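Here is the structure we will look at.
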Amino acid sequence: MNSEPEWTRTVQQMQETLGAGLKQAMTTLGTGPAPGFPQMDLSAFTSMNQTQPDIRFEPGKLMELQQRYIAGASALWNQGLQASESAPAAVDRRFSDPAWQTNPISKFLSAAYQLNANTLMGLAEAVESDAKTKARLRFAVEQWMAASAPSNFLALNAEAQKKAIDSKGESIAKGMANMLHDMKQGHVSMTDESIFEVGKNVATTEGAVVFENEFFQLLEYKALTDKVYERPFLMVPPCINKFYILDLQPENSLIRYATAQGHRTFVLSWRNPDQSMAGKTWDDYIEHAAIKAIKVVQEITGADTLNALGFCVGGTILATALAVLAARGEKPVESATLLTSLLDFTDTGILDIFIDETSVKYREAEMGKGGLLKGKDLASTFSFLRPNDLVWNYVVGNYLKGETPPPFDLLYWNSDSTNLPGPFYAWYLRNTYFENNLIKPGKLVVCDEKVDLGKLDMPFYIYGSREDHIVPIGGAYASTQVLPGKKRFVMGASGHIAGVINPPAKKKRSYWTNDNLATSKSAGDKFPAAQQDWQKEATEHAGSWWPDWSDWLQANAGKQIAAPKTYGNRNYKVIEPAPGRYVKAKV
């Protein structure tokens with residue numbers, strides 16, 4: 001007599017079938033969806049040629065999942081194609097339009113899709129494997145299910161069909177026109193890009209370009225106060241985006257806000273690399289951009305020291321530059337601010353699934369000696385981190401329903417992508433995301449100097465966003481464990497961009513501080529190792545974190561002096577008005 005339970009044999013059989021299905025989901029990431037739909041281009045971080053894992057499931061969880069699926073499928077089948085007006089509204093907003101509920105077939109399809117999606121996600125959670133493999137499986141299933149939703153297909157989308165009928169086919173014609181337009185421009189439109197023009201209705205804070213080289217233009221902004229603080233203020237934005245996220249509109253411009261608080265403000269505007277920069281390295285960006293900008297600001301203002309801010313990758317670049325200068329015995333920066341930046345790359349969130357030896361070697365072989373990482377590839381990667389919100393939402397709206405997305409300056413900026421030099425990018429991948437060398441004293445040699453972040457003893461203001469999917473809050477917080485001096489850590493609500501761009505006048509969101517850990521020079525010894533432990537004693541405050549940062553920055557800005565009446569000085573003449581021409585260059 002066979003003592004093995006029947007359900008155990010069933011589970012074993014299901015393991016092979018479902019394992020093959022999940023492996024196919026992983027493969028989908030490399031091949032993309034059907035022709036005519038957005039390519040799931042995740043190549044900016046990985047070649048997607050990793051060895052496929054051996055997928056096995058925990059039998060008990062699999063049996064429970066199977067039972068839930070059978071129960072859900074039976075209930076759905078028994079309900080049949082009855083369109084009940086008393087049925088609860090769909091939880092998934094993709095199926096929230098009444099057309100999905102009044103059309104029996106569409107209602108059935110949406111319910112079946114949601115049942116299958118929940119089951120597949122449950123399968124990913126039931127896999128017996130290491131954390132990284134499970135994360136990759138979850139991500140693959142999310143991509144697979146997002147792409148296969150019935151809402152993405154005109155033949156299955158009840159709302160789009162109703163609109164086509166109501167408009168007598170006009171929505172289909174408009175959708176085709178939108179698709180042809182997007183094919184020509186090379187990306188899916190997230191906003192009406194024709195509304196915006198850099199320098200006209202975005203990036204309009206008054207200023208001038210006072211220096212430029214092949215890497216960047218240095219912008220100086222017009223003083224908005226009669227007096228300014230004696231220490232100038234330099235902003236280093238990320239080079240993977242354009243700087244005007246910090247200057248979208250006057251009411252939400254961090255650049256204008258800093259200037260209005262009495263700081264003589266300079267901003268580094270990165271050049272959008274072309275083939276002439278295909279061989280540029282991380283060292284080049286540190287020496288000829290970040291360090292050069294610091295020195296030019298000193299030479300223009302005559303100040304011995306300045307205050308500096310780095311945003312996202314700009315924070316990583318700024319900290320590296322300061323470490324190089326410290327190794328040379330120089331300390332030109334009085335205080336530094338890091339906004340959603342990584343120094344310790346232990347916690348990189350969802351991006352970790354793309355990084356391993358195979359993918360890094362692939363990038364090094366492809367572009368480590370020269371080449372460009374195309375801006376559209378990088379933009380596509382980040383969009384597919386939130387596929388329903390940043391990809392398929394616009395596919396459905398633009399093409400199936402023939403809608404023109406409303407004007408939104410932030411999404412215009414998000415679509416205004418930039419290239420990166422291949423050697424710069426390959427070095428960055430290996431030494432930060434993969435090997436986490438930046439926090440290892442003396443491990444890296446940059447610009448002929450050994451990098452040691454432990455020498456950065458100036459005060460740091462460190463900001464992280466609670467729902468950030470690019471720089472997880474734990475990753476932003478980890479800088480408190482690396483930097484030795486006095487620090488203030490602040491956590492804001494929302495994500496990578498919305499958390500940072502949160503002007504006080506809007507009176508939106510909130511932020512958290514823990515003043516018990518930021519009141520003494522030895523504060524660095526008091527920060528707990530984990531962000532969760534810091535948060536236990538943190539206090540929530542309504543509104544924007546900007547005034548908290550402004551108070552901190554003013555305490556490090558020195559005395560007030562008369563505001564300059566002109567830009568630059570006799571050695572650094574005005575080249576052109578802000579925002580300059582570098583920021584206007586398209587990929």
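The values are calculated or read from the model by the stated rules, or taken from the named source; none is laboratory data. Quick caveat, the model's predicted, so the values are computed rather than measured. Using ideal geometry, Cβ is built from the backbone for each residue, glycine included, and neighbour counts are taken over all protein chains shown. Side chains included, ligands, DNA and RNA excluded: accessible areas come from the protein's heavy atoms. Shrake-Rupley method; radii C 1.70, N 1.55, O 1.52, S 1.80 Å.
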field: Among (1) modelled with pLDDT of 95 or more; (2) open to solvent by less than 30 Å² (accessible area, probe 1.4 Å); (3) within 18 Å of the chain's Cα centre (by Cα) - the single one Asp416 does not satisfy
entry: (1)
field: Positions within the stretch 178-193 being touching a residue at least 60 places away in the same chain (Cβ under 8 Å) and closer than 14 Å to Leu400 by Cα, in sequence order
entry: Asn178, Met179, Asp182, Val188, Ser189
- line: Sole miss for Ser520 among (1) at pLDDT below 95; (2) under 30 Å from Ile300 (Cβ atoms); (3) not basic (Lys, Arg) is condition (2)
- prompt: closer than 26 Å to Asn201 by Cα and in contact with an Asp or Glu (Cβ under 8 Å, 6 or more places away or on another chain), is that true of Ser383?
  reply: no
task: Might you check whether a residue that is farther than 24 Å from Phe95 by Cβ and either part of a helix (DSSP H, G or I) or aliphatic (A, V, I, L, M) (or both) occurs anywhere in the stretch 390-405?
output: no
- prompt: Any residue at all in the stretch 164-179 that is within 28 Å of the chain's Cα centre (by Cα) and surrounded by fewer than 20 Cβ atoms within 10 Å (Cβ to Cβ)?
  reply: yes
query: Does the stretch 351-373 include one or more residues that are crowded, with 22+ Cβ neighbours inside 10 Å and assigned to a loop (DSSP other than H, G, I, E, B)?
result: no
field: Hits in the stretch 537-562 - residues which are assigned to a loop (DSSP other than H, G, I, E, B) and surrounded by 15 or more Cβ atoms within 10 Å (Cβ to Cβ)
entry: Ala538, Gly543, Ser544, Trp545, Asn556, Ala557, Gly558
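Name the residues in the stretch 314-328 that are open to solvent by 10 Å² or more (accessible area, probe 1.4 Å) and in a helix (DSSP H, G or I), would you?
Selection gives Ala326, Ala327.
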task: Might you let me know whether the stretch 454-472 holds any residue that is under 30 Å from Ser194 (Cα atoms) and not aliphatic (A, V, I, L, M)?
output: yes
- prompt: Would the stretch 294-306 turn up any residue that is open to solvent by less than 10 Å² (accessible area, probe 1.4 Å), over 20 Å from Met458 (Cα atoms) and in contact (Cβ under 8 Å) with a residue 24 or more places away in the chain?
  reply: yes
query: Of all residues in the stretch 145-194, how many are small (Gly, Ala, Ser), at pLDDT 95 or above and at positive phi?
result: 1
query: Mind checking which pairs have a first residue in the stretch 155-167 that is over 13 Å from Pro98 (Cβ atoms) and a second that is of a type in the set (Ser, Thr, Tyr) and modelled with pLDDT of 95 or more, Cβ under 7 Å, 6 or more apart or different chains?
result: Asn157/Ser151; Ala164/Ser171
field: Residue identified as touching a residue at least 60 places away in the same chain (Cβ under 8 Å) and either open to solvent by 70 Å² or more (accessible area, probe 1.4 Å) or among the small types (Gly, Ala, Ser) (or both) among Ala73, Ala112, Ala131, Ala149
entry: Ala149
Top-ranked residue in the stretch 89-104 [being surrounded by 13 or more Cβ atoms within 10 Å (Cβ to Cβ) and within 16 Å of Asn393 (Cβ to Cβ); ranked as modelled with the lowest pLDDT]: Ala90
query: Looking at the stretch 432-453, which of its residues are out of contact with any Phe, Trp or Tyr (no Cβ under 6 Å at 6 or more places or on another chain) and open to solvent by 20 Å² or more (accessible area, probe 1.4 Å)?
result: Phe434, Glu435, Ile439, Lys440, Pro441, Gly442, Lys443, Val445, Asp448, Glu449, Lys450, Asp452
- request: Report yes if some residue within the stretch 189-199 is touching a Leu at 6+ places or on another chain (Cβ under 7 Å) and of a type in the set (S, T, N, Q); otherwise report no.
  value: yes
statement: Note on Thr205: of the conditions (1) open to solvent by 60 Å² or more (accessible area, probe 1.4 Å); (2) in a loop (DSSP other than H, G, I, E, B), unmet is (1)
- prompt: Does Ala493 satisfy the condition of being among the hydrophobic types (A, V, I, L, M, F, W, C), open to solvent by less than 20 Å² (accessible area, probe 1.4 Å) and modelled with pLDDT under 95?
  reply: no
statement: Note on the stretch 320-361: residues at pLDDT below 95, over 14 Å from Tyr428 (Cα atoms) and over 17 Å from the mean Cα position of the chain (by Cα) are Thr358
